[in-house]
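Asker: Please read through the structure below; I'll follow up with questions.
The values are calculated or read from the model by the stated rules, or taken from the named source; none is laboratory data. No experiment lies behind these values; they were computed from the predicted model shown. A quick note on method: Cβ atoms are made from the backbone with ideal geometry, for glycine too, and the neighbour counts reach across all protein chains shown. Heads up: the accessible areas ignore ligands, DNA and RNA and are worked out on the full protein's heavy atoms, side chains in. Shrake-Rupley method; radii C 1.70, N 1.55, O 1.52, S 1.80 Å.
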Amino acid sequence: MTAPRVNIPNPFSVPELKEKILFTLLALLVYRIGAHITVPGVNAAATIEFFRNQSGTLFGIYNLFVGGGLSRATVFALGIMPYISASIFFQIMGAVFPTVERLQKDEEGRKKITQWTRYLTIGLAFAQGWGVSLFLEQLPGAVASPGMGFRVATTFFLTTGAIFIMWLGEQITERGLGNGMSLLIFFSIVESIIPATINLPEYIRTGALTIPKLLFFLALMLAVIAITVAIIVAARRIPIQIPRKVMGRGRIREGQKSFIPLRLLTANVMPIVFAQSIIIVPGTMAQFSNVAWLREMSAYVQQGSWVYYVSYTVLIVFFTYFYTAIVFNPMDLSENLKKQGGFIPGVKPGQKTAEYIDHVLSRITLPGALFLSAVAVLPTILLDYMGVPFAFGGTSLLIVVGVALDTVQQLQQHMILRQYDSFMKQGRIRTRGRQRLM
């Protein structure tokens, strides 16, 4: 008895999909090459030495998202972060100012906001580039010829690099596979994980990491990844009913039953990013300041203390509700449902529907916020307790898993669409002895 054959779909068998994948890989290759070209006049060895002990500071977090470009002082040192910051700024503006909110709902308005986001990205990149040039001059042995010429040249190179990365991300989104901005961050994080993976045999040989610890770490990582995937795709389904409707000229739209999926992690990874950005500020400021009370405060909120973990958890829960309120508007969803003639069984359309959706969303946001806190805090506590010589951050994990899932889903959608098109072209229906093409 022969085993049944399992047909694994080949993405490269679809010409359009093959072009998208190859274009995406080529764009990512260009991005990673640029992330290793040092800015003229900078000694990369001096900057790398400074960043060795910056994993828990603002510089370390930023360096993680740009794939180590900041520690090497490359032309892509700013990465995609100026564009991300500009996008978040306009998201918050939409929740505060009704004019911006109206623009976000219109096609032409979204084009305007996209253009404004690009302009703001350039401004942020210029300001950050100037700040980086001043920062590099403060590092001993990092700059050969400090001065106004170096600052202007460095700001120009960094701003140009940020603009090129923004353009590259948009090209990946338009012509490639997946969200370009997310993929750039994804590969930056993956590249930072590779050195620790390569050094595992050396850690074991020197005794810094034992085999039981390594096995426990791998089991922990697999368990966290599995739970993360389950939570990311988890959603609360709210049933909706669309009644039967006469469309005119004898056309009738039959009644339908559907649902509204409310994701458990509507805010995604942003609460962790916001919480990290705040909790590491005291330590970063104390590092460059001689103020006594600031150094004492940074000692209390240093990673490893119970104050750090409690504050970190509270901040994540707060920003989960805050960011969810920004990106999700129950009133808009209620109005759109009312325009379609749909309703939630047992709930009046309009304001009552919005209140019901908001109530459900508030209830499911809490377990999502607690999960984010657990992913961000527990791995750090366990690895600190075990003395593992490398980091395993919840932020990196959520970004990597989320982007990977989104990219795989888009790949599957392209494959399904291709199969459907082939079926429509090749399918035949027999009618009274004849064949009719579909």
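Asker: What distance in nm separates the simple spin-label points at residue 32 and residue 235, each placed 7 Å from Cα in the Cβ direction?
Answerer: 3.2 nm
Asker: Hey, another quick one. Could you tell me which of rounded, prolate or oblate describes region 115-226, using a ≥ b ≥ c as the square roots of the eigenvalues of the alpha-carbon gyration tensor, with rounded for a/c under 1.5 and, failing that, prolate when a/b is larger than b/c and oblate otherwise? Don't jump to the answer; show the numbers that get you there.
Answerer: Values: a/c = 3.65, a/b = 1.48, b/c = 2.47.
In terms of gyration-tensor shape, oblate.
Asker: Computing the accessible area with a 1.4 Å probe over protein heavy atoms, can you report the carbon and sulfur percentage for region 322-378?
Answerer: Numbers: 1730 of 2890 Å².
Accessible surface attributable to carbon and sulfur in region 322-378 totals 60 percent.
Asker: On to the next question. For region 134-216, which whole percent of the accessible surface, found with a 1.4 angstrom probe, sits on carbon and sulfur atoms?
Answerer: Working: 2990 of 4320 Å².
Of all accessible area on region 134-216, carbon and sulfur atoms account for 69 percent.
Asker: Taking θ = phi - 60°, what integer Hz values does the Karplus form 6.51 cos²θ - 1.76 cosθ + 1.60 yield along region 181-189, in sequence order, with x for Gly and Pro?
Answerer: Running phi through 6.51 cos²θ - 1.76 cosθ + 1.60 with θ = phi - 60° gives 5, 5, 5, 5, 5, 4, 6, 5, 5 Hz.
Asker: With 19 Å as the limit, write out which pairs from 20/111; 105/348; 257/348; 105/339; 257/338 have Cα-Cα distances beyond it, or answer none. Please list the in-between numbers first.
Answerer: Working: 20/111 24 Å; 105/348 25 Å; 257/348 17 Å; 105/339 15 Å; 257/338 15 Å.
Those over the limit are 20/111; 105/348.
Asker: For residue 68, what charge total do you get from the other residues with a beta carbon under 15 Å from its beta carbon, if Lys and Arg give +1 and Asp and Glu give -1?
Answerer: Details: positive: 32, 52, 72; negative: 49, 191.
Around residue 68, the surrounding residues sum to +1.
Asker: Lysines within cross-link reach of residue 18: Cα-Cα under 26 Å, excluding same-chain residues under 8 positions apart?
Answerer: Reachable lysines: 425.
Asker: For residue 85, tell me the accessible area in Å² from a 1.4 Å probe, rounded to the nearest 10.
Answerer: Here the accessible area works out near 50 Å².
Asker: Something else about it: For region 105-146, report the accessible area per residue in Å² (1.4 Å probe, heavy atoms, rounded to an integer). Could the numbers behind the result be given before it?
Answerer: Values: 2550 Å² over 42 residues.
Here the residues of region 105-146 average 61 Å² of exposed surface.
Asker: Apply 1/(1 + (r/R0)^6) to the Cβ-Cβ distance of residue 305 and residue 366, taking R0 = 35 Å, and write down the FRET efficiency to the nearest 0.05. Before the final figure, lay out the partial values.
Answerer: Details: r = 25 Å, r/R0 = 0.73.
E between residue 305 and residue 366, to the nearest 0.05, is 0.85.
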